[in-house]
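Derivation of every value follows stated rules applied to the coordinates shown; laboratory data play no part. None of these values were measured; they are calculated from a predicted model. Cβ placement follows ideal geometry from the backbone for every residue including glycine, while neighbour counts extend to all protein chains displayed.
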């Protein structure tokens with residue numbers, strides 16, 4: 001792989017010899033940047049090179065920028081828009097840090113804002129986006145590219161945004177604020193045709209979804225016919241309890257009726273064949289209830305969307321501003337766009353996709369949307385991938401199992417071209433661990449005793465039996481009819497047998513880590529509801 005090395009001082013001959021001994025060969029030197037060197041190096045040597053004395057920073061030789069136009073191309077929304085599927089007049093409630101209603105990207109072609117309603121739930125008396133997160137989310141959903149000559153469009157560029165502000169200028173809020181905002185969205189459903197709620201936020205799980213007030217609010221919206229799209233969280237690298245990042249899904253992403261979204265990296269191209277999972281994307285199963293999460297994955301790394309000048313994120317990360325020269329502007333002009341990373345950014349991609357399906361078929365239900373997006377998601381993944389953090393130079397290995405990528409990678413055109421409709425509710429499956437055999441089965445949640453009655457609906461789309469014992473064939477009769485939600489290759493650790501041996505990442509590496517996934521009653525992180533975005537430069 002090609003990487004860029006930055007040194008604390010021009011490299012000495014001894015340091016260059018050390019690099020050569022690690023397998024590095026010089027690709028480029030710079031006359032006026034003597035402390036920078038571009039090298040080719042074996043991937044396995046990257047951690048050792050990063051630790052060499054005199055090496056200040058190591059980063060991949062990445063493209064100048066990765067933009068939202070790559071996101072649109074990757075998931076198929078650009079083509080869908082050309083066919084007229086733009087989410088026109090579909091209401092999407094963005095429960096976040098506020099939305100910049102005056103941004104040209106969120107206006108109609110005749111001038112009025114498509115942010116049709118705003119309300120504050122923080123007690124600060126403003127719906128403005130002081131943090132800079134909610135506007136970014138709204139742009140990914142509904143931006144029309146007015147500030148970029150159409151280059152940076154959202155997935156559903158004619159949809160309408162309902163701005164419900166629950167996060168303050170630090171990106172922090174509370175359960176009560178989120179619940180109040182969901183309640184208001186339900187109340188305003190028919191006034192603004194609210195069919196979707198976007199929750200690019202979350203907090204740790206402390207109890208079963210049955211008892212979690214955030215989950216209960218999500219289910220109230222679901223029962224009202226609103227699809228709730230939730231960020232999985234960004235703790236996929238967390239190995240603090242030796243769980244290899246498994247069992248890190250946030251609430252309310254653990255709710256079985258929500259569609260929970262993990263983050264992929266577009267790797268600088270619109271071709272999804274080279275895309276990889278973002279190593280920070282939280283993995284399932286959900287602690288306490290063990291739901292198979294996330295449900296799907298979508299682009300979420302280094303995503304360009306709307307900038308809020310002077311906001312907390314904008315002021316704290318000026319390097320994330322997108323140069324106007326990249327969309328035809330002057331180098332001296334003020335940037336209109338900003339890059340962010342995380343499942344926060346992947347979530348609105350799925351929310352926008354849902355708006356296109358609703359425009360195509362207004363009678364489609366929230367469960368049918370979830371089932372369609374899962375069913376048609378791409379199942380083509382490698383067995384594993386290695387990611388490099390550009391700041392710390394630490395590498396992370398991710399395995400493409402169902403707890404990492406769910407049912408697969410969002411494919412909007414496949415979803416629009418599909419006519420399958422689930423016959424009932426589509427709650428996420430439950431992973432049941434057999435301690436004697438060391439195996440995992442996937443079970444329809446209506447077959448599990450939850451301690452009290454859960455209303456799964458008259459018919460659950462998964463059928464009567466979704467448990468395969470030791471041989472978990474994800475592609476055989478998993479969903480309604482003959483279609484498969486989970487592809488045959490999307491299994492634990494890339495195998496077609498879900499055996500939690502000591503070599504399986506979900507089983508490693510200590511009793512404490514294993515207990516954290518399969519036996520815990522709470523997670524181990526902080527307690528505040530907050531935005532599910534990763535700050536800084538993302539990963540490559």
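Percent of Cα-Cα pairs per 10 Å bin, from 0 to the last occupied bin, for segment 290-419, please list those.
Going from the shortest bin to the longest, the percentages are 11, 30, 29, 24, 5, 0.
With each label point set 7 Å from Cα along the Cα-Cβ vector, what nm distance links residue 418 and residue 183?
3.6
Starting from the Kirkwood radius over alpha-carbon pairs of segment 90-233, derive D by Stokes-Einstein at 4 °C in a medium of 1.567 mPa s and give it in µm² s⁻¹.
Details: Rh = 15.1 Å.
Calculated translational D: 86 µm²/s.
Looking at the square roots a ≥ b ≥ c of the eigenvalues of the Cα gyration tensor of segment 203-273, which shape do they give, rounded for a/c under 1.5, prolate if a/b is larger than b/c, or oblate? Intermediate results must be reported in sequence, preceding the final value.
Numbers: a/c = 3.79, a/b = 1.29, b/c = 2.95.
Cα axes put segment 203-273 in the oblate bin.
Which ordering of 413, 1 is given by a fewest-first count of other beta-carbon atoms within 10 Å? List each step's numbers first, then the result.
Values: 413 18, 1 14.
Going from sparsest to densest Cβ surroundings: 1, 413.
Is the C-alpha gyration tensor of segment 158-309 telling us rounded, prolate or oblate? Criteria: a/c under 1.5 is rounded; beyond that, a/b larger than b/c is prolate, otherwise oblate.
oblate
Based on other C-beta atoms within 10 Å, arrange 289, 274, 389 from fewest to most. Kindly include the intermediate steps, with their values, before the conclusion.
Values: 289 24, 274 11, 389 20.
Exposure proxy ranking, most exposed first: 274, 389, 289.
Which whole-number percent is the relative contact order of segment 68-416 (Cα, under 8 Å, 6+ apart)?
Values: 910 pairs, mean separation 71.2, N = 349.
This gives 20 percent for segment 68-416.
Going by C-beta contacts inside 10 Å, put 313, 167 in order with the fewest on the left.
On the way: 313 25, 167 28.
With the sparsest Cβ surroundings first, the list reads 313, 167.
Once segment 317-389 is represented by equal point scatterers at the alpha-carbon sites, with solvent omitted, what log10 I(q)/I(0) does the Debye formula produce at q = 0.15, 0.26 Å⁻¹?
These q points yield log10 I(q)/I(0) values of -0.82, -1.14.
Please compute the Kirkwood hydrodynamic radius over segment 225-335, one decimal place, Å, based on all pairs of different Cα atoms.
Every distinct Cα pair counted, the radius reaches 16.1 Å.
May I ask for the Kirkwood hydrodynamic radius of segment 68-416, worked out over all distinct Cα pairs and given in angstroms to one decimal? Write down the numbers at each step before the final one.
On the way: mean 1/r = 0.0514 Å⁻¹.
Kirkwood hydrodynamic radius for segment 68-416: 19.5 Å.
What fraction of the Cα pairs in segment 85-135, stated in percent, has a spacing above 17 angstrom? Walk me through the intermediate numbers first.
Details: 478 of 1275 pairs.
Tail of P(r) above 17 Å: 37 percent of Cα pairs.
Using only alpha carbon pairs under 8 Å that are at least six residues apart, calculate the relative contact order of segment 113-191 and give it in whole percent. Write down the numbers at each step before the final one.
On the way: 101 pairs, mean separation 28.2, N = 79.
36 percent.
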